[in-house]
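**Q** Following this message is one structure expressed as structure tokens.
Each reported figure results from applying straightforward, stated rules to the coordinates on display, with no laboratory input. What you see is a predicted model; the values in this text were computed from it and never measured. Note: ideal-geometry Cβ built from the backbone for every residue, glycine included; neighbour counts use all protein chains shown.
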Amino acid sequence: MAADADIPPYSLTSIIGVLILFMEVKWLLSCFNLPEGFKSGVRRINGNYPRFGAYLVASIPMFASAHFKASSLIATGIVLLIASLCFLAAGVMNQDYTGSKTLGGGGATNVIV
């Protein structure tokens, strides 16, 4: 049995979870001393289509974890896939992405007229 088979899929999915947290809660980028390349990379994911791609890519390891063992990561993959499809639908309908001011975004109050 190869040593690679003993690596749980949870290690990769934990990294994805932290990346999504930094992507969605922008003020965390200023709370931690992170490399500027990481900060600029996370800030680039700022629209419907980039978020569609990020969530779609994040769902792939969740579904691939079923190859090792059926677990609750499959449900996480389904939720990430649904979120990515919602961002795709918003992009197709030309809706602007608006983040919450509470989480460090531009705020929804500017959209309400």
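**Q** By counting other Cβ atoms within 10 Å of each Cβ, how are M23, M93 ranked from fewest to most?
**A** M93, M23
**Q** Here's another thing I want to ask about it. How would you rank C86, C31, going from fewest to most other Cβ atoms within 10 Å of each one's own Cβ?
**A** Details: C86 14, C31 9.
If I rank by nearby Cβ atoms, fewest first, I get C31, C86.
**Q** Could you state the per residue volume, in Å³, of the convex hull enclosing the Cα atoms of the range 6-60?
**A** Working: hull volume 4.9 nm³, N = 55.
Here the figure is 89 Å³ per residue.
**Q** Turning to a different aspect of this structure: Around R44, under 15 Å between beta carbons, what's the net of Lys plus Arg minus Asp minus Glu among the other residues?
**A** Summing Lys and Arg as +1 and Asp and Glu as -1 gives +2.
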